[in-house]
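FYI, it's all coordinate maths here, none of it is from the lab. Predicted model, so just to flag it, every value in this text is computed and none were measured. Reconstructed Cβ throughout: ideal geometry from the backbone, glycine too, with neighbour counts over all protein chains shown.
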Protein chains: 2
Amino acid sequence: MPIFRFAIAQVNPIVGDFVGNLELIKTACNQASSSGADLVVFGEMVISGYPIEDLAKNESFLQDSAESLANLAAWLEANHPNLDVLVGLPLADKNEQSWSVATNSAVLIRAGRVAGKYDKHHLPNYSVFDEYRIFNSGSDYFSFEVKGHRIGVVICEDIWQEGGPVGHTKAEGIELLCVLNGSPFEISKADTRVQLVSNIAKKYNCAVAYSNLVGGQDDLVFDGDSFVVSANGSLVARGKQFESDLLLFDFDSANHISAITSQSVEPADELWQIWHALRLGLADYVAKNSFKSVILGLSGGIDSALCAALAVDALGKERVFGVAMPSEYSSQHSLDDAADLARRLDIDYRIEPIADLVEPFDKQLGLSGLAAENIQARVRGSLLMALSNSEGHLVLTTGNKTEISVGYSTIYGDSVGGFAPIKDVPKTLVWELAKWRNRIARELSEIEPIPENSISKPPSAELRPGQVDQDTLPDYELLDALLELYVGQRKSVSEIVALGFERELVSKISRLVDSAEWKRRQSAIGTKITAIAFGRDRRLPITNRYR
Amino acid sequence: MPIFRFAIAQVNPIVGDFVGNLELIKTACNQASSSGADLVVFGEMVISGYPIEDLAKNESFLQDSAESLANLAAWLEANHPNLDVLVGLPLADKNEQSWSVATNSAVLIRAGRVAGKYDKHHLPNYSVFDEYRIFNSGSDYFSFEVKGHRIGVVICEDIWQEGGPVGHTKAEGIELLCVLNGSPFEISKADTRVQLVSNIAKKYNCAVAYSNLVGGQDDLVFDGDSFVVSANGSLVARGKQFESDLLLFDFDSANHISAITSQSVEPADELWQIWHALRLGLADYVAKNSFKSVILGLSGGIDSALCAALAVDALGKERVFGVAMPSEYSSQHSLDDAADLARRLDIDYRIEPIADLVEPFDKQLGLSGLAAENIQARVRGSLLMALSNSEGHLVLTTGNKTEISVGYSTIYGDSVGGFAPIKDVPKTLVWELAKWRNRIARELSEIEPIPENSISKPPSAELRPGQVDQDTLPDYELLDALLELYVGQRKSVSEIVALGFERELVSKISRLVDSAEWKRRQSAIGTKITAIAFGRDRRLPITNRYR
């Protein structure tokens, strides 16, 4: 049979931006067509963006999705009548038996017409996914021919379920299975995907084209990293991670596929992946919400230093504004480290002491103890928001996953901000990333962005004289290990104690985590990089005596 | 056949409080038994509290639930060996094909043993419900006999689905169908429930005992209002609304049931219901989270006045603390109205002027315009939080649904607080409730709690000279009508325009609503009383160009 050429178009849509998304799709079609492709495969829901949450219940949203599809079909007929295009989108699907009014679908456009469609069978409703809430599931199969080769279509979760539509592949004689994905980044997930797909390819003796979205969408980051596996399970090529890409392949048979664009098959270093996930999450949140710049408090500590370095990588140094807000309890080294950081990053930097702002509160209300500590953090929060209001910056809040887990922060204080770049990064990983970023700089003979002192000194909130985090919290190595068990693996206190940890400590940490739920609900959105982040995965009642 | 006596036990559990919930259950069993009952029917998940959200994924939580059941069975054997008890609880249910590890179940305890169980068939996954996320659905039926009468068991959503297990009632010869519910209050829902159950009774020729939970749980209020309908569809009796209750009935046949405890069959006035839902939601949030008292800012306006009056009804005047925080833009009438309110309610009242706290910010940062307006609100937020830290009160935030919908508030300012009593109350309903509460006071010859002036004056944020809400927003009658269409009925801009509204205005409001999503995610939890409240029902991506 003749060889055919296909493309995987890895693009970065915005939820609800039907016009902009159509432009991305057309540009990729132009590029694929001029490279001689017969077929181009996009990601899940590329027409509407993904995930659309309860927008799937708006009939007008579904109408706009259908119109966008019709526009694309007409444009393809006029411009690329011989290019087959597979796109994902939500389609209206009224059904008396269901609360949902839509399907999560893939459509084949051929010669200006919708030549077939597939509705996702398996609707994930765990972790960040709520698809059973908003979609009706499909039960039909769909395949088509290109130059005599039979091509199958499924969507994302369908390949993660045993006995799903993938099991039907053999019966239909599928040679190439196209999988449209909206698969968010998670530490170590890239390898899991390739392994899973490779097993499917071998089991059903068909090649698999895994096409993923790319880009940040609120707290999710789609990492791209699309790839093709041949029927013997070997990886033919993979696309860029954290960037848009167009991959081209010549398909001879399920075991003979050649990559036209040559890409590495090696996965990137894990810290590299995490850094780029955080960077893309921040960059896209800023861009897609039309902010011009960000502002953040620089305490001289490691969290704000890492966030500032990330922001410069994501946005460029001209769009990052740093503010030191020293109090009477701030040490000179803190101010020195903050200034050093700003110099290294070459960003706008100012010093706004808070003494004259805090003192009137203390005096008028007679504050002491915790109230006197918190008012400092709240004055800083108000100060940053005032600068945001005056100058138009998005405020970044610099809390890490460890302190958010246990509520070690001041609500309306240091938790103030529109985006939390390292919300899902445990403290121990914060240090690792800082060292990694400095090492990369050294390797490139660039200035190390993060002051060594910010990495090596003991962390402190500096809200009272001589305070350090470990006055209140256990050592961060131990704390992060406990949080991984209690939050990440949902183990109970007793189960963790059975692993050899001290009961009193485990109980204390579990109480802190559970009672910080309200604070977490009030905190900014931020990039998710682990299996269980707060907010979307671990949703607990606030009123809850299960401590 | 002999007559048997059954009780509906309408109790108020707390999620995760297995020990406390068991005490509630035992107390109700003692009472039912001493009243000669043969059977007592509790609400959905009474053993664990409801809804349990992702706690259903914790194996230790499920173990505790099973242990609690075993404890109850042993206690019943020792104390009431002849009392049959139907309780709801989550049970472990591992299943390779599923992400969930539990069922939402009802269990019959008879003579100290688990004599049978029923797993909920229909798992609601819309609006506030996410049960498909956390439970496996059942497919078996369960019925049992008491003194020769056949009793069926289903759970909540099961009766709302055509063709569900209710359709099986006739085949099993069920005379009395017991429905265990965790059904939250919603305006006008009480009548809907009775109508639905009445239709089921007639259709399947069986009596129905509808047993509901009561109490506030985060933003949900279970209103109780349990009832019994005979097979001819007539309401035999209903329980108290918004209070714990024990209802007793003698069952002769499906058409001959007599209420031992005599209760009204008339539903209460709608404003009465709303007031008591808000009152119970606030009272239980405070009690179940172990707060002693609440504090709130009193602006002289209607929102804070209504919240203060609600708080006094919910908690008693000794536990409510009011603070006036006048600025240079506050009118004398605002301060007078706030003082008048505090006098009428006889609550602790203090005045904390903010001029000396705001001025240093204005001076140091050179603030003007929006930044100067917002800093006043933020200083007030910090002030209330400082008093909360010093004195231990829960801060109430007094925003109404209308202003939260369109983002007409200052994030980290007037939105500061742990609980938002009127978060789901549109502004026009705020006025109605205020007038209603004053009328009730007049009828009881009590002091009207809310100053007439707070009700009649034009609303203003008083953040700049002469400001009124209608500088920025359309008239509240019009705005609430638009919000009901756009949010409450999910209509599109075009659909609303087709109803006769001005396109420019509708577009503006839709943009405001959609772009306020981030603010809403950061706002306090509050009592839900309408079909679509923000947060749990209307979940939209923040990054979203669908405007």
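Measuring spread by the Cα atoms of chain A yields a radius of gyration and Dmax of 25.5, 86 Å.
Pairs of Cα atoms in the range A:213-361 fall into 5 Å distance bins, from 0 up to the last occupied one, in shares of 2, 9, 14, 14, 13, 11, 10, 8, 6, 5, 4, 3, 2, 1, 0, 0 percent. Compared with the dominant principal axis of the Cα atoms in chain B, helix B:59-79 is inclined by about 50°.
This ranking places B:TYR546, B:TYR118, B:TYR285 by how few other beta-carbon atoms lie within 10 Å of each, fewest first, which gives B:TYR546, B:TYR118, B:TYR285. Histogrammed with a bin width of 5 Å, the alpha carbon distances of the range B:273-469 distribute as 1, 8, 17, 21, 22, 16, 9, 4, 1, 0, 0 percent, first bin at zero. Scattering from the C-alpha atoms of the range B:107-148 alone, worked out with Debye: what is log10 I(q)/I(0) at q = 0.18 1/Å? For the range B:107-148 at q = 0.18 Å⁻¹, log10 I(q)/I(0) is -0.65. Positive end of the dipole of chain A (Cβ unit charges, origin at the Cα centre): among A:GLN241, A:LEU39, A:GLY167, the Cα lying farthest that way belongs to A:GLY167.
Mean partner shielding of peptide A:378-391, defined as the number of other chain Cβ atoms within 10 Å of each residue Cβ, is 6.
Tally the DSSP beta bridges in chain B and give the antiparallel ones as a percent, rounded to 5. DSSP beta bridges in chain B are roughly 60 percent antiparallel. Counting only alpha carbon atoms, the long axis of helix B:189-204 and the longest principal axis of chain B meet at about 20°. Beta-bridge orientation, the protein assembly as shown: approximately 55 percent antiparallel, per DSSP, counting only bridges with both partners inside. As a rough footprinting exposure proxy, the listed residues A:SER234, A:SER211, B:SER139 were ranked by other beta carbons within 10 Å of their own, and the order from fewest upward is B:SER139, A:SER234, A:SER211. Under the combined filter of DSSP loop state and at most 10 neighbouring Cβ atoms within 10 Å, the range B:327-390 retains none of its chymotrypsin sites (Phe, Trp or Tyr not before Pro).
Each of A:THR527, B:THR402, A:THR27, A:THR428 was scored by other Cβ atoms within 10 Å of its Cβ. Arranged with the fewest first, they read A:THR27, A:THR428, B:THR402, A:THR527. Taking a ≥ b ≥ c as the square roots of the eigenvalues of the alpha-carbon gyration tensor, the range B:90-193 is classed oblate because a/c is 1.5 or more while a/b is no larger than b/c. Scanning chain A for GluC sites (Glu not before Pro) lying in DSSP loops with no more than 14 further Cβ atoms inside 10 Å, the longest uninterrupted stretch between such sites is A:163-327. Shown for B:LYS508: label points 7 Å from Cα along the beta-carbon vector, and their distances to the equivalent points in the other copies, 5.6 nm in ascending order. Values of log10 I(q)/I(0) for the protein assembly as shown across q = 0.06 Å⁻¹ run -0.50, by the Debye formula with one identical scatterer at each alpha carbon and no solvent.
About its Cα centre, chain A has a charge dipole of approximately 660 debye under the convention of +1 per Lys or Arg Cβ and -1 per Asp or Glu Cβ, with nothing else charged. State the percent of C-alpha pairs, over all pairs in the range B:238-289, separated by a distance greater than 15 angstrom. That fraction is 62 percent. Projecting the Cα atoms of B:ALA287, B:LEU383, B:VAL320 onto the dipole axis of the range B:273-469, where Lys and Arg carry +1 and Asp and Glu carry -1 at the beta carbon, places B:ALA287 farthest toward the positive end. The Cα trace of the range A:1-117 gives Rg and Dmax of 14.4, 46 Å, the first to one decimal, the second as a whole number.
Based on alpha-carbon atoms, the Kirkwood radius and the radius of gyration of the range A:312-378 give Rg/Rh equal to 1.10. Rounded to the nearest 20 debye, the dipole size of the protein assembly as shown about its Cα centre is 1000 debye, using +1 on the Cβ of Lys and Arg and -1 on the Cβ of Asp and Glu.
Counting only lysines at least 8 places from A:LYS457 when in the same chain, those with an alpha carbon closer than 20 Å to its own are A:LYS401, A:LYS427, A:LYS435.
How much length is gained if the chain between A:ALA441 and A:GLN489 is pulled fully straight, taking 0.36 nm per residue apart and subtracting their Cα-Cα distance, in nm to one decimal? That pair, A:ALA441 and A:GLN489, stretches by 13.8 nm at full extension.
What fraction of the DSSP beta bridges in the range B:4-262 is antiparallel, stated in percent and rounded to the nearest 5? Within the range B:4-262, antiparallel bridges account for around 70 percent of the total. A label point on B:GLY116, set 7 Å along the Cα-to-Cβ line, lies at 5.0 nm from each of its counterparts in the other copies, closest listed first. With the helix formula -39500 (n - 2.57) applied to DSSP H stretches of n ≥ 4, chain A reaches a computed 222 nm mean residue ellipticity of -11500 deg cm²/dmol. Viscosity 1.567 mPa s, temperature 4 °C: what is the translational diffusion coefficient of the range A:190-258 from Stokes-Einstein with a Kirkwood Rh over Cα pairs, rounded to a whole number of µm²/s? Estimated diffusion coefficient is 104 µm²/s.
Computed from Cα positions, the angle between helix A:427-443 and the longest principal axis of chain A comes to roughly 70 degrees. Compute log10 of I(q)/I(0) for the range B:4-262 with the Debye formula, placing one identical point scatterer on every Cα and leaving out solvent, at q = 0.07, 0.08, 0.10, 0.13 Å⁻¹, to two decimals. Each listed q corresponds, in turn, to -0.20, -0.26, -0.42, -0.74. Ascending distances from the A:PRO2 label point to its copies in the other chains, with the point 7 Å along the Cα-to-beta-carbon line: 8.7 nm. Modelled this way, with points 7 Å down the Cα-to-C-beta line, the labels at B:ARG113 and A:VAL468 are 6.3 nm from one another. Across the alpha-carbon set of the range B:151-286, the Rg to Rh ratio works out to 0.98, Rh being the Kirkwood radius. Among the listed pairs B:LYS117/B:LYS147; A:LYS94/B:LYS423; A:LYS491/B:LYS292; A:LYS94/B:LYS202, those with a Cα-Cα distance over 21 Å are A:LYS94/B:LYS423; A:LYS491/B:LYS292; A:LYS94/B:LYS202. A quarter of the convex hull surface defined by the alpha-carbon atoms of the range A:386-484 gives 8.1 nm² as the mean projection. I'd like the distance between the alpha-carbon centres of the range B:413-470 and the range A:1-22, rounded to an integer number of Å. So the separation of the two Cα centres works out to 53 Å.
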